[in-house]
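The values are calculated or read from the model by the stated rules, or taken from the named source; none is laboratory data. Everything numeric here is computed off the predicted structure, so don't read it as measured data. A quick note on method: Cβ atoms are made from the backbone with ideal geometry, for glycine too, and the neighbour counts reach across all protein chains shown. Calculation scope for accessible area: heavy atoms of the full protein, side chains included, ligands and nucleic acids excluded. Shrake-Rupley method; radii C 1.70, N 1.55, O 1.52, S 1.80 Å.
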Amino acid sequence: MSGTGKKKPPLVADRRYASKAASGKKPAAKTATTRRTTKSKPTPRKTTRRRRSRSRNPIIRAISGLFRWVFRMIWGVVWRSSAVLLLLVTLTVGYFAATLPDATQLIDGRTRGSVTLLDRNGQVFAWRGDQFGGMITADTVSPHLKNAVIATEDKRFYRHFGISPRGIASAVRINLRAGRGPLSGNGGSTITQQTAKLLCLGVPHDPSSGMTEAEYEADCRRGTLWRKAKEAIYALAMEVRYSKDEILTIYLNRAFLGAGARGFEAASQRYFGESANTVSPTEAAMLAGLLKAPTRYAPTNNLERSRDRAQVVLNLMEEQGYLSTAEAVNARENPAELSAAAAARAGGYFADWVMGSGPDFFTSNTTEDVIIRTTLDQRIQTAAEEALAYIFETKVRDGSEAQAAIVVMSSDGAVRAMVGGRQTRVSGAFNRATQALRQTGSAFKPFVYAAALDLGYSYNDYVDDSPLTINIPGSGAWSPTNYDHKFHGQVTLTDALRQSFNIPAVRVSESVGRENVRKIAADFGIESDLALGPALALGASESTLIEMTGAYAGILNGGSSVTPYGLVELRLQGEQDPLMRQEGGIGERVISENAAAQLIYMMNQVVEAGTGQRAKLPGRPAAGKTGTTQAARDAWFLGFTADYVAGVWMGYDNNTPLTGVTGGGLPAEIWHETMLRVHEGLPAQPLPMITPVPPQPPLSELRTRGNRGRRDRQADGIILDVLNSIFGGRNR
């Protein structure tokens, strides 16, 4: 078959190696071993192809290498920077930790002192300045208070190292959900961080810096990122230097809790009248609740809001196992009650007045803790406040902006109550009882008659109520009129005062001499500038309510001057010996006792049958005088019983005329309601006044006596006695 000349088809192996044969190389004979080797070579061929593929993509290989290089570079920078930062933080924390003082030196951080005011019975009724109640510790404080603070402010306090990343993350999440910035609102600060803020990172207030204490504290509370970082460093240092209980002790003593209370001891004493070491769960919850917003949640500002906040704290205490279900239910059903002094918040105007009456370095600018015992009677103060509120609620139209003020004092000038305006629970407000200078109107007339009586006139003497014109140099003719625009002829001094006639008061003033009237008024304590013209007799001068009330007290005590006072004793806290003491306010005699007794009788008739009848007290003698100024811009009633003197003023701060109000109206009613409450339970006492005799018919008009000195009184008395024996009584 080989010779037939036909070409055989190539074998498979021949085709496989055809290319090699073409190149002139003869393929080697394949043995069995070769065939086996050939069959096992697919895997190496594939690997070779991948390597060839990569080598064919240099761009990808370059990019991959670049990324690996960048990553190694970043990682190197990060771990080296972290190491440096960690070293710096460690050194900084160590430095701060080494410089921190003993924990006991950080308890009271105030730069100024405080004033505690006691009433006449020794009970606290007001505070001024930042109050520090004394040191408490995490070991001695009530366990309920300790648990309430931790449950509310930092439940992982005993487990973290000063800062809490979980707490910060949670706070940021809450702030973002509420639509605030990540650092606005909840801050996620631990108790340690809050303590660092209270310590202002160890930088004390320097008064010489020109920054006030309030500005200093505001600067300490700034919430910038840099400030937060520094607080974190300082907090870590505190964790290194102090134990957890020492940090908590600093916090408990320095936290501001509203109403000027610094620390939980001061707050507990102020709100509950007891130590923070003994507070109950419900009281502890209310105190701990103040930490969120001390002024807003202060129970003296809004008790219900404070109680609502306490409920939230009680829920947290129950959830975290500090209270059993039964204890929590009991606490919710029996909310905390304020102490009597805290609930009343009485005497704010009085407290401000007393603070202004003492030396600044022991009151408003004191750097010591001062105790001041005062003349305030909280029962009387409450009576005055309730009386004022009652009249305005029942007798004054809604929306009226009229104001009123009340002063109650003893006859020696000891002020027992003071209301400086309709808003009674205030501090630092404008005090209309001591600061408002207002025209006195007819309330000034008793001093006109006091001058006459002291010069020898009698309550039964007559004065002519007929038309009167006085020529005033530089002003021309002046003709006073009575309130009822009538003339009443011959009237006694008693009737003239009882009906508050103007013309008789001017005639008496001109008769005895204006200088004598001014001197009597000034000697009784009216220190304001007194009018020089004949209108002096009608109360054209201005005075304050406390001055007028003090002057009336001088009439009650028999004619001696009075200086109103409120400060009885001032001493430093912890000291027994007082630095200041006030024994009383009675000064020199101004008019004779007989003149005072006659004047008291005349003023008694004002209440019994005159312009002040609305002030009459059932079963108790009283004396007083109404006063209404030009266009009814001011309305007064001042008067007294045998026990107390009280003055009432009513008007508008902007001098708008009162509508339908005179001194014998609403002011007399306020006086009446005040004195009813003041005298509750007290036996009625007679007034120190004369026993009157009926006046004789008038024989002539009141004789002008000119400006006679007091040396002529005895001679006047002899002459008048002779006239009396001839005519059977004084008839002029």
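Using semi-axes √(5λ) of the Cα gyration tensor in Å as the read-out, say which of [x] 96, 27, 23; [y] 45, 35, 33; [z] 44, 31, 24 was calculated from these coordinates.
Given [x] 96, 27, 23; [y] 45, 35, 33; [z] 44, 31, 24, the calculated one carries the label [x].
Can you list the residues of the stretch 378-415 with backbone N under 20 Å from a point 7 Å past the Cα of ARG581, pointing along Cα to Cβ?
Residues 412-415 fall inside that zone.
Angle, helix 165-177 long axis vs. longest principal axis of the chain, Cα atoms, 0 to 90°, nearest 10?
70
By the gyration tensor of its Cα atoms, with a ≥ b ≥ c the square roots of the eigenvalues, what is the shape of the stretch 210-360: rounded for a/c under 1.5, prolate for a/b over b/c, or oblate?
Judged from the Cα gyration tensor, the stretch 210-360 comes out oblate (a/c at least 1.5, b/c at or above a/b).
Roughly how many whole Å is it from the C-alpha centroid of the stretch 423-442 to that of the stretch 594-649?
20
Helix 445-454 versus the longest principal axis of the chain: what is the Cα-based angle in degrees, 0 to 90, to the nearest 10?
The two axes meet at around 40 degrees.
Please list the non-local residues whose amide H lies under 5 Å from the amide H of GLU569, H modeled 1.01 Å from N, same-chain partners needing a gap of 5 or more.
Amide H neighbours of GLU569, under 5 Å, 5+ apart: ARG373, GLN582.
Shape verdict for the stretch 523-587, please, from the Cα gyration tensor: rounded (a/c under 1.5), prolate (a/b greater than b/c) or oblate.
Note, shape of the stretch 523-587 comes out prolate.
Quick one: accessible area per residue over the chain, 1.4 Å probe, rounded to a whole number of Å²?
Solvent-accessible surface per residue comes out at 49 Å².
Modelling each spin label as a point 7 Å along the Cα-to-Cβ direction, I'd like the LYS395/ASN330 distance in nm, to one decimal.
Calculated label separation equals 5.0 nm.
With θ taken as phi - 60° and the coefficients 6.51, -1.76 and 1.60, list the Karplus ³J(HN,Hα) couplings across the stretch 397-411 in order, rounded to whole Hz; mark glycine and proline as x.
Here the 3J(HN,Hα) series is 5, 4, x, 5, 9, 4, 10, 8, 9, 9, 10, 10, 8, 7, 5 Hz.
Please list the non-local residues whose amide H lies under 5 Å from the amide H of LEU638, H modeled 1.01 Å from N, same-chain partners needing a gap of 5 or more.
LYS625, VAL648
The stretch 472-522: which trypsin sites (Lys or Arg not before Pro) are DSSP loop and have at most 13 other beta-carbon atoms within 10 angstrom?
Sparse-neighbourhood loop trypsin sites (Lys or Arg not before Pro): LYS486.
Among LEU567, LEU538, TYR552, whose Cα lies farthest out toward the positive end of the dipole of the stretch 520-581, if unit charges sit on the beta carbon of Lys, Arg (+1) and Asp, Glu (-1)?
The residue sitting farthest along the positive end of the dipole is TYR552.
Under a Cβ-Cβ cut-off of 14 Å, what is the net charge of the residues other than PHE96 that fall near it, where Lys and Arg count +1 and Asp and Glu count -1?
Its environment carries a net charge of 0.
Distance between the C-alpha centers of the stretch 346-404 and the stretch 96-160? Whole Å please.
28
Among LYS486/LYS625; LYS146/LYS228; LYS244/LYS292; LYS155/LYS292; LYS445/LYS625; LYS197/LYS244, which pairs are too far apart, with a Cα-Cα distance over 18 Å?
LYS486/LYS625; LYS146/LYS228; LYS244/LYS292
Which order do peptides 474-485, 149-160 fall in by mean Cβ count within 10 Å, highest first?
Highest-to-lowest ranking by the protection proxy: 149-160, 474-485.
Could you list which residues have their amide H under 5 Å from that of GLY162, counting only those 5 or more apart in sequence or on another chain, with H placed in the peptide plane?
For GLY162, no residues qualify.
With +1 on each Lys and Arg Cβ and -1 on each Asp and Glu Cβ, and nothing else charged, work out how big the dipole of the chain is about its Cα centre, in Debye to the nearest 20.
12240
Any chance you could give the angle, 0 to 90 degrees and rounded to 10, that helix 244-254 forms with the longest Cα principal axis of the chain?
Relative to the chain, helix 244-254 is tipped by roughly 30 degrees.
In deg cm²/dmol, rounded to 500, what helix-only [θ] at 222 nm does the chain give when every DSSP H run of at least 4 residues adds -39500 (n - 2.57) and the total is split over its residues?
-13500 deg cm²/dmol
Report the net charge of residues surrounding THR628, where surrounding means a beta-carbon distance below 14 angstrom and charges are Lys +1, Arg +1, Asp -1, Glu -1.
Neighbourhood net charge equals +3.
What FRET efficiency comes out for SER427 versus GLU515 if R0 is 35 angstrom and r is the Cβ-Cβ distance? Round to the nearest 0.05.
0.25
Pop out the ³J(HN,Hα) list for the stretch 333-344 in order, Karplus 6.51 cos²θ - 1.76 cosθ + 1.60 with θ = phi - 60°, rounded to Hz; leave Gly and Pro as x.
Each residue's phi maps through the Karplus curve to give 7, 10, x, 5, 10, 6, 5, 4, 5, 5, 5, 6 Hz.
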